[in-house]
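Enquirer: I have a structure here, written as structure tokens, and I will follow up with some questions on it.
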Amino acid sequence: MQNTNNSQSNVTSFDWVTLYNAENSLEANIIKGLILNAGIECQIKGEILQGAMGEIPFEQTQVSVQVYAIKERHAREILVNYQQVKQSAPDWVCPNCNEHNGSTFDFCWSCGTLKNDKSE
């Protein structure tokens, strides 16, 4: 959903900093996977609170991806690439079950069929 900028002077190299505030848990886990795949340790904050949406204020159910401050710059490069792909790639329809899938999915979320070029 949005980038966050943590330019606080009292942050040390091994403090967790918020890299990204996701739209939902699914998006947060996609970003977490990309960052982990690059060898950067990260965590998701607020994912458990998604189940309480409607019971607690909306602002408290925010899901964010966090990385160590020392790795923030490299993680932001990965995030920029993700955002560019997300904006440019079209969504696709599964040829097996006709389910609508987001552009970031390589497999159909419903039946697990692999995306191919003819699915778009």
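Enquirer: Pairs, please: C-beta under 9 Å, at least 6 apart or cross-chain, first residue without any contact (Cβ under 8 Å) to a residue 12 or more places away in the chain and in the stretch 90-101, second surrounded by 12 or more Cβ atoms within 10 Å (Cβ to Cβ)?
Expert: Once the first residue is without any contact (Cβ under 8 Å) to a residue 12 or more places away in the chain and sits in the stretch 90-101, its partners that are surrounded by 12 or more Cβ atoms within 10 Å (Cβ to Cβ) give His100/Asp91; His100/Trp92; His100/Val93; His100/Cys94.
Enquirer: Here is a further query. Any residue at all in the stretch 87-100 that is within 29 Å of Val17 (Cβ to Cβ) and either surrounded by fewer than 11 Cβ atoms within 10 Å (Cβ to Cβ) or not small (Gly, Ala, Ser) (or both)?
Expert: Taking the stretch 87-100 and keeping what is within 29 Å of Val17 (Cβ to Cβ), we get 87-89.
Next, only the ones that are either surrounded by fewer than 11 Cβ atoms within 10 Å (Cβ to Cβ) or not small (Gly, Ala, Ser) (or both) stay: 87-88.
Checked the stretch 87-100: at least one residue is within 29 Å of Val17 (Cβ to Cβ) and either surrounded by fewer than 11 Cβ atoms within 10 Å (Cβ to Cβ) or not small (Gly, Ala, Ser) (or both).
Enquirer: Could you give every pair whose Cβ atoms fall below 7 Å, whose first residue belongs to the stretch 43-59 and is modelled with pLDDT under 85, and whose second residue is in a helix (DSSP H, G or I) and small (Gly, Ala, Ser), counting only separations of at least 6 or pairs across chains?
Expert: Cβ pairs passing all conditions: Gln50/Ser25.
Enquirer: What's the number of the condition Glu77 fails, among (1) over 22 Å from Glu41 (Cα atoms); (2) modelled with pLDDT of 90 or more; (3) of a type outside the set (S, T, N, Q); (4) surrounded by fewer than 12 Cβ atoms within 10 Å (Cβ to Cβ)?
Expert: Evaluating Glu77 over (1) over 22 Å from Glu41 (Cα atoms); (2) modelled with pLDDT of 90 or more; (3) of a type outside the set (S, T, N, Q); (4) surrounded by fewer than 12 Cβ atoms within 10 Å (Cβ to Cβ) leaves (1) as the failure.
Enquirer: When the residues of the stretch 74-103 are filtered to those that are touching a helix residue (DSSP H, G or I) at 6+ places or on another chain (Cβ under 9 Å) and assigned to a loop (DSSP other than H, G, I, E, B), which remaining residue is farthest from Ile31 (Cα to Cα)?
Expert: Pro95
Enquirer: Among the residues of the stretch 25-73, which ones are polar (S, T, N, Q) and either assigned to a strand (DSSP E or B) or touching a helix residue (DSSP H, G or I) at 6+ places or on another chain (Cβ under 7 Å) (or both)?
Expert: The answer is Ser25, Gln43, Gln50, Gln60, Thr61, Ser64, Gln66.
The values are calculated or read from the model by the stated rules, or taken from the named source; none is laboratory data. Remember, predicted model here, so these are calculated numbers, not experimental data. Positions of Cβ are generated from backbone atoms using ideal geometry, with glycine treated the same way; all protein chains shown enter the neighbour counts.
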